[in-house]
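Report on the following structure.
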Amino acid sequence: MIDPDMRKAVFQLHTEGMPLREISRRLRISRNTVRAIIGQQGRMPPAAGKDKIPIDPDLLRRLYHDCRGWIQRMHEKLAEEEGIRIGYSTLSRRVRKLGLGRSRTARCDRVPDEPGAEMQHDTTVYHVKLADQRTKVIASLLYLRYSKRRYLKFYRAFNRFTMKCFFHEALMFWGHAAGLCIIDNTNLARLRGTGRRAVIVPEMASFAQRYGFRFVCHELRHPNRKAGEERSFWTVETNFLPGRTFQSLEDLNRQAFEWATVRLHHRPTSKSGLIPAKAFEYERTWLIELPDHLPAPYCSYERGTDQYGYVPFDGNDYWVPGEGREDVKVLRYADHLKIFHQGTCLAEYPLPLEGVKNERFAPPGQPQPQPRRKNRARDARQEEQRLRALGPEVEAYLDYALKAPGVQRHRLTRELFALSRQVTGDVFVRTVGRALRYRIVQMETLRRIAWLCMSQEEHLLPQVELDEDFQQRPAYQEGRLTEEPDLSLYDALFEEEDENPSTEKTEEQEDG
């Protein structure tokens, strides 16, 4: 293969009048090659390989469409239906040559820095120590391309609602917004498509329109389109996180806010020496100025008031003023929530710190709620002591039963104590002795054993001591002197029955 420089030299010597034999001798090239190069005027010939098996390009396009791009199936159909035997690698090469396979990587344009033209947003994951515990956090950063101004905040989780809260917080802090926001092909804002063909989620498009900008996705595998954003994350890794300690997520965000909006805002950049604070003052003329009272984004939840006057939300309970138990609407904002009923705001609460759960909150000025009742169920220690005092047989059974697997210690002790109060002491001792012999801990079986012990022997009831002088008691004497009841009514009933015995007998015969 003759390289292009050698071809150019051969043709140049030929135009100067040097004979072919002399060119061949000096450049050590055969005379036939010299003739061919001169015939091609020193240019490289097009590399056109000749395919041994001809295939109609329209046939390949039709098969590609029918097989939905699966080249293996195209290879089978060519052999079965068209009778064309071709190698799989050759077929895939011809498909790529026709531009039917994987789309070619397109070139990207350079976009100049223009004041007020665009801002960039992206997220990344870091593992940071919070109170000496390694924690996964998500960093969200907004970057003004021209003035190099940044806004940084960390989150535990990042969803569409969090994204809207972050944009609202950052843009309202700046007071201005750029016309374009370059993002990657994230599904938080992109509905379908990629790059310039991306379709933004209508919810996010409407949100961006409120602030005067629109989302634009960069092309796939082209993160340099927002190189300033990517460089900012490198600065976070190398300048913000090292050498700092954080006690909580709130402490991390407090330091990140001071670093991004104060320290970096007044520090010159390394190459150009540009100071973001001064560049922003110049750029704000081209930026979109935002009103001071734009409504913050929120999420709406339907909740019911419980019998104590609270509504549950995110693991905590919030008191609802009033006396009814109406269904209310809870609006969650970035840092607080509001409770509405029929369009009226009943209460507003700041969101608790991270990790606070199972707490109750009441609005300022309202009576504080009573603390939740704790589990005050006492143990069966006293019942166990009284049972062990009944004898060594009972004590031996308790030592076995209370350590048996699957036994609820306090419940079994209370039920045994209740059984000891229902039967005599001798019957109870024989019951637990038999239960220990057969390793029984079920209360139903123990009750049946107690019944068996009582049925095997006769147990006479104890004699009741009777006071013979009960007739001399004042209460007895007072009752003795009361008026006797009138029982004449019952005598009249008996006389009527004696007078009509035949009538009753006749009626009974008729019924028979």
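The values are calculated or read from the model by the stated rules, or taken from the named source; none is laboratory data. Remember, it's a predicted structure, so these values are computed and weren't measured experimentally. Note that we place each Cβ from the backbone using ideal geometry, even for glycine, and neighbour counts take in every protein chain shown. Just the protein is used for accessible areas: all its heavy atoms, side chains included, with ligands, DNA and RNA removed. Shrake-Rupley method; radii C 1.70, N 1.55, O 1.52, S 1.80 Å.
Within segment 321-343, can you find the residues that are under 20 Å from the mean Cα position of the chain (by Cα) and surrounded by 14 or more Cβ atoms within 10 Å (Cβ to Cβ)?
Passing the criteria: V330, L331, R332, Y333, A334, L337.
Name, by its number, the condition in (1) open to solvent by 70 Å² or more (accessible area, probe 1.4 Å); (2) modelled with pLDDT of 90 or more that does not hold for F213.
Evaluating F213 over (1) open to solvent by 70 Å² or more (accessible area, probe 1.4 Å); (2) modelled with pLDDT of 90 or more leaves (1) as the failure.
Output yes when any residue across segment 235-242 is in contact (Cβ under 8 Å) with a residue 40 or more places away in the chain, assigned to a helix (DSSP H, G or I), touching a Ser or Thr at 6+ places or on another chain (Cβ under 9 Å) and more than 17 Å from Y155 (Cα to Cα), and no when none is.
For segment 235-242, residues in contact (Cβ under 8 Å) with a residue 40 or more places away in the chain, assigned to a helix (DSSP H, G or I), touching a Ser or Thr at 6+ places or on another chain (Cβ under 9 Å) and more than 17 Å from Y155 (Cα to Cα): absent.
Based on this model, can you work out whether P268 counts as in a loop (DSSP other than H, G, I, E, B), buried (at least 18 other Cβ atoms within 10 Å of the Cβ) and not hydroxyl-bearing (S, T, Y)?
No; evaluated as a whole, the condition is false for this residue.
For segment 300-318, indicate whether the set of residues that are farther than 30 Å from D113 by Cα, modelled with pLDDT of 90 or more and among the hydrophobic types (A, V, I, L, M, F, W, C) is non-empty.
Taking every residue of segment 300-318 in turn, at least one turns out to be farther than 30 Å from D113 by Cα, modelled with pLDDT of 90 or more and among the hydrophobic types (A, V, I, L, M, F, W, C).
Given A260, A277, which one is touching a Lys or Arg at 6+ places or on another chain (Cβ under 6 Å) and either outside any helix (DSSP H, G or I) or of a type in the set (G, A, S) (or both)?
Being touching a Lys or Arg at 6+ places or on another chain (Cβ under 6 Å) and either outside any helix (DSSP H, G or I) or of a type in the set (G, A, S) (or both) holds for just one of A260, A277, which is A260.
Given the conditions (1) in contact (Cβ under 8 Å) with a residue 24 or more places away in the chain; (2) of a type outside the set (V, I, T); (3) assigned to a helix (DSSP H, G or I); (4) surrounded by fewer than 19 Cβ atoms within 10 Å (Cβ to Cβ), which single one is not true for F207?
Going through (1) in contact (Cβ under 8 Å) with a residue 24 or more places away in the chain; (2) of a type outside the set (V, I, T); (3) assigned to a helix (DSSP H, G or I); (4) surrounded by fewer than 19 Cβ atoms within 10 Å (Cβ to Cβ) one by one, F207 breaks only (4).
Among (1) within 28 Å of Y155 (Cα to Cα); (2) in a strand (DSSP E or B); (3) open to solvent by less than 90 Å² (accessible area, probe 1.4 Å), there is one condition L346 misses while meeting the rest; what is its number?
Checking L346 against (1) within 28 Å of Y155 (Cα to Cα); (2) in a strand (DSSP E or B); (3) open to solvent by less than 90 Å² (accessible area, probe 1.4 Å), the one that fails is (1).
Please determine, by comparing only the residues of segment 216-255 that are farther than 30 Å from R192 by Cβ and touching a Phe, Trp or Tyr at 6+ places or on another chain (Cβ under 6 Å), which one is most open to solvent (accessible area, probe 1.4 Å).
N253
Since Y318 meets every condition but one in (1) open to solvent by 70 Å² or more (accessible area, probe 1.4 Å); (2) free of Cβ contacts under 8 Å to residues at least 60 places away in the same chain, which condition does it not meet?
Exception for Y318: condition (1).
Any residue at all in segment 456-463 that is surrounded by fewer than 17 Cβ atoms within 10 Å (Cβ to Cβ), at pLDDT below 90 and assigned to a helix (DSSP H, G or I)?
Checking segment 456-463: at least one residue is surrounded by fewer than 17 Cβ atoms within 10 Å (Cβ to Cβ), at pLDDT below 90 and assigned to a helix (DSSP H, G or I).
Which residues, counting only those in segment 350-394, are at pLDDT 85 or above, of a type in the set (A, V, I, L, M, F, W, C), surrounded by 10 or more Cβ atoms within 10 Å (Cβ to Cβ) and out of contact with any helix residue (DSSP H, G or I) (no Cβ under 7 Å at 6 or more places or on another chain)?
Result: L351, V356, F361.
Take the residues in segment 395-420 that are of a type in the set (S, T, Y) and under 49 Å from the mean Cα position of the chain (by Cα); name whichever of them is most open to solvent (accessible area, probe 1.4 Å).
For segment 395-420, the residue satisfying everything is Y400.
Condition check: more than 48 Å from the chain's Cα centre (by Cα), modelled with pLDDT of 90 or more and more than 30 Å from Y298 (Cα to Cα). Does R439 satisfy that?
Taking the combined requirement at face value, the residue satisfies it.
Please verify whether E281 is under 16 Å from A177 (Cα atoms) and more than 26 Å from the chain's Cα centre (by Cα), treating the condition exactly as stated.
So E281 fits the description; yes.
Name, by its number, the condition in (1) in contact with a strand residue (DSSP E or B) (Cβ under 8 Å, 6 or more places away or on another chain); (2) hydroxyl-bearing (S, T, Y); (3) open to solvent by 80 Å² or more (accessible area, probe 1.4 Å) that does not hold for T285.
Only one criterion is unmet by T285, namely (1).
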